[in-house]
1. Name every residue in segment 497-524 that is at pLDDT 75 or above and surrounded by fewer than 17 Cβ atoms within 10 Å (Cβ to Cβ), in order of residue number.
2. One residue is enough: does segment 91-99 have a residue meeting the conditions in contact with an Asp or Glu (Cβ under 6 Å, 6 or more places away or on another chain), surrounded by fewer than 17 Cβ atoms within 10 Å (Cβ to Cβ) and in contact (Cβ under 8 Å) with a residue 24 or more places away in the chain?
3. Tell me, which residue of segment 349-361 that is without any contact (Cβ under 8 Å) to a residue 60 or more places away in the chain and not hydrophobic (A, V, I, L, M, F, W, C) is least open to solvent (accessible area, probe 1.4 Å)?
4. Scan segment 421-448 and report the pairs whose first residue is more than 30 Å from GLY98 (Cβ to Cβ) and whose second residue is basic (Lys, Arg), with Cβ atoms within less than 8 Å and a gap of 6+ or a chain change.
5. State the number of residues belonging to segment 281-290 that are assigned to a strand (DSSP E or B) and either open to solvent by 40 Å² or more (accessible area, probe 1.4 Å) or among the hydroxyl-bearing types (Ser, Thr, Tyr) (or both).
6. Considering only residues that are of a type in the set (Ser, Thr, Tyr), open to solvent by 40 Å² or more (accessible area, probe 1.4 Å) and within 25 Å of ARG527 (Cα to Cα), which ones fall in segment 145-202?
7. Scan segment 251-277 for residues that are open to solvent by 40 Å² or more (accessible area, probe 1.4 Å), closer than 18 Å to VAL213 by Cβ and in contact with a strand residue (DSSP E or B) (Cβ under 6 Å, 6 or more places away or on another chain) and report the count.
8. How many of the residues in segment 394-417 are at pLDDT 95 or above and either in contact with a His (Cβ under 6 Å, 6 or more places away or on another chain) or polar (S, T, N, Q) (or both)?
Amino acid sequence: MIRRMRPGSFAAGLAALLAAGLAGCGGGGGDAPAPPPAVAALPADRVSAASPVAPGCTGGSTGGNFHLNAEVEPFVAIDPGNAQHLVATWQQDRWSNGGARAIVSAASFDGGASWTRVLQPLSRCGGGTAAGGGDYERASDPWVDIGPDGSVHLMALAFSGSAGSASMSAMLASRSTDGGLTWSTPATLIADGAAVFNDKNTLSADPTDADFVYAVWDRLAATGGGPTWFARSTDAGRSWEPARMIFNPGLTSQTIGNRIVVIADGPARGLLVNVFTQIDIVAGRARNSLGVIRSADQGQTWSAPRRIADMQGVGARDPDDGTPIRDGAILPTIAAGPGGVLWVAWQDSRFSGGLRDAIAVSRSLDAGQTWSLPVAVNRDAAVAAFTPALAMRADGTVGLTHYDLRPDRPGATLAQAWLLTSRDGQTWAETALWTPFDLGAAPRVDAGLFLGDYQGLVAGATQFLPLLAMSSPDAANPSDLFLLPVGGAAATQSTHRARQALAAPARGEQALRQRVHEGTVRSMERRLPGWSRRMGIAPDAPPR
C-alpha cells in the first residue's frame with residue numbers, strides 16, 4: 001500500500017504553530033502567563049496506516065488487551081548511499097501487558113513522500129510460522145538499519161505469553177535486498193524458554209563493510225543477572241554466527257539499552273562502540289550507570305567497560321494528577337559522527353534534585369575512551385523531558401529529539417515534541433516539531449501512557465528526519481507515526497545554553513538515590529513484571 005504526502009503539509013503545520021503563539025513556549029519573557037495551548041490536529045500525512053493485522057487475531061495470548069490501530073515505538077534508517085531511501089519499522093496494535101500483535105515495516109524511495117508497508121512475519125498475527133523464524137504470540141522492540149550496499153536489516157523480539165510470564169522468547173532478524181519491499185525468512189539468533197527472557201535488542205549495519213551486521217541485547221535469567229549478548233553476520237545477513245555473551249556485570253546486576261555504533265572514519269575507523277545502562281543492586285537498591293565496551297576487530301573481542309556517568313532518571317508523570325508515562329527513563333541513545341566523535345543522551349533528574357527528568361548529554365572526542373561531564377540540554381527546566389533520540393549530520397551537527405510536558409495543563413496530559421541541534425554541546429537551537437498533542441489519549445500499558453521506549457531519528461546531508469509517535473483522542477485510532485523533517489536554520493525557534501548539575505548536600509544525594517531506585521523499579525516492572533523478585537529487590541519498593 002502506497003501513501004503519498006500532500007506537499008507543504010509540514011510547513012503548514014509549523015505556520016499553524018507560530019500563529020498559535022507557541023514559538024517561545026517555555027522561554028519566559030512576558031509579564032502575564034500565556035494561556036494554555038489548545039490541542040491542534042495531528043499532521044494530515046502519516047507513515048502508519050490502519051492495522052493490516054487480520055481482524056480478531058490475538059496470537060493466542062490470554063490476559064491484557066490490545067489497542068487496535070495503535071502504532072508505537074518507531075525506528076527509522078536512512079540509506080548511506082541514497083538519502084531518498086528510508087525504511088521505518090514499528091509495533092502494530094500494542095498490547096497492554098507487553099509487546100504488540102505484529103511488527104510492520106515501511107519503505108520510501110522518495111524521501112518520505114510515499115511509503116510501501118509490509119506486515120512482518122515475526123509473530124502469529126504477522127503471519128509467522130514455526131518454519132519461518134518461530135510461531136510466537138507477540139513481538140516488540142523493532143529495529144532497522146541499512147548497510148553501505150543498500151541491503152536492509154530488521155530485528156525484533158518475539159515471545160509467547162505476556163512480558164512478565166513469557167513461556168519463550170527469541171531474537172529474530174530478516175534482510176531485504178530490494179530496499180525493504182520483500183524480506184527473507186526470519187533467522188532465529190537465539191531462543192529460550194521461561195527461565196530466561198531476551199529483551200531490548202538493537203541492530204547495526206557496519207558502515208565500513210557491508211558484510212558485517214551486529215545485533216545486541218540483554219538476556220535476563222530468572223535466577224538473577226542480565227548480561228549483554230551479541231550475534232553477528234559476516235555475509236550481509238544471509239546467515240548469523242551463534243549468539244554469545246560479551247559482557248557480564250554479575251548475578252546482582254544487568255545491562256539494558258545496549259546499542260552498537262561504528263566509527264565510520266578517522267583513526268578509529270571500524271571501531272565498534274556498544275553503549276548500555278548497567279543496573280547494579282546494592283543493599284537491595286538499584287544504582288544505575290552508563291558505560292561502553294569497544295571492539296577493534298568487528299566484534300570478535302571486547303574491551304572492559306568504560307564508565308560514562310551515573311544515570312539518574314526517575315521517569316515522567318503528569319505533574320497534576322500523577323498519571324505515569326512509560327518513557328525511555330533507563331535507556332541511553334547514542335550517535336557517532338565524523339572523526340570518532342560520539343554523543344550519548346539519556347533522561348536524568350540530577351539537575352532538579354530528583355524532582356523531574358531532564359535530557360542529559362555527554363560527548364566523547366576520542367571514540368569513547370573519555371567522556372565530558374553531563375549537561376542538561378532541554379530548554380525548559382521546570383517540566384519533565386523524556387525519550388531522547390540522537391543523530392549526527394556529516395558536518396558534525398548533532399540533532400536530538402525529545403518530548404516534554406511544557407504545554408500540560410490541569411485536566412489533560414499535553415505533550416510536545418522538539419528538535420535540538422548543536423555543534424559544541426553548549427549552545428542549542430530548539431525547533432518545535434508540531435503543536436501540542438494529547439498524550440493522555442496514548443495507549444495505556446501497565447498503568448502508563450505509552451508511545452514507545454524509543455523513537456526514530458536520522459540525519460541527511462542538510463536536515464534531520466524525526467519519526468515520532470503522537471496520540472489523539474480518537475479511540476479508534478489512538479496513535480500514529482509521522483515523519484517531520486527539519487532542514488537548515490530557517491525553522492529554528494530559539495537558542496539556549498546547556499546547564500550543569502548543582503552539587504547536592506549529603507541528605508539531598510540520599511534522597512536523589514532513593515528516587516532513582518524507585519523510578520528504576522517502576523520502569524523495569526512495567527517492562528518485565530516480576531523483575532524486582534528476579535533481582536532481589538527489597539519488597540518495600542513502591543507500587544507501579
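1. ARG497, ARG499, GLN500, GLY508, GLU509, GLN510, ALA511, GLN514, listed by residue number.
2. no
3. Looking at the filtered set, the residue picked out is ASP357.
4. Filtered contacts from segment 421-448: GLY425/ARG363; GLN426/ARG497; THR427/ARG497; TRP428/ARG379; TRP428/ARG497; GLU430/ARG379.
5. 4
6. Residues satisfying the conditions are SER165, SER167, THR188.
7. Result for segment 251-277: 1.
8. The total comes to 3.
The values are calculated or read from the model by the stated rules, or taken from the named source; none is laboratory data. The structure presented is a predicted model; accordingly, all values stated were derived computationally and were not measured. All Cβ positions, even for glycine, are placed from backbone atoms using ideal geometry, and neighbour counts span all protein chains on display. The accessibility values were calculated without ligands, DNA or RNA, using every heavy atom of the protein model including side chains. Shrake-Rupley method; radii C 1.70, N 1.55, O 1.52, S 1.80 Å.
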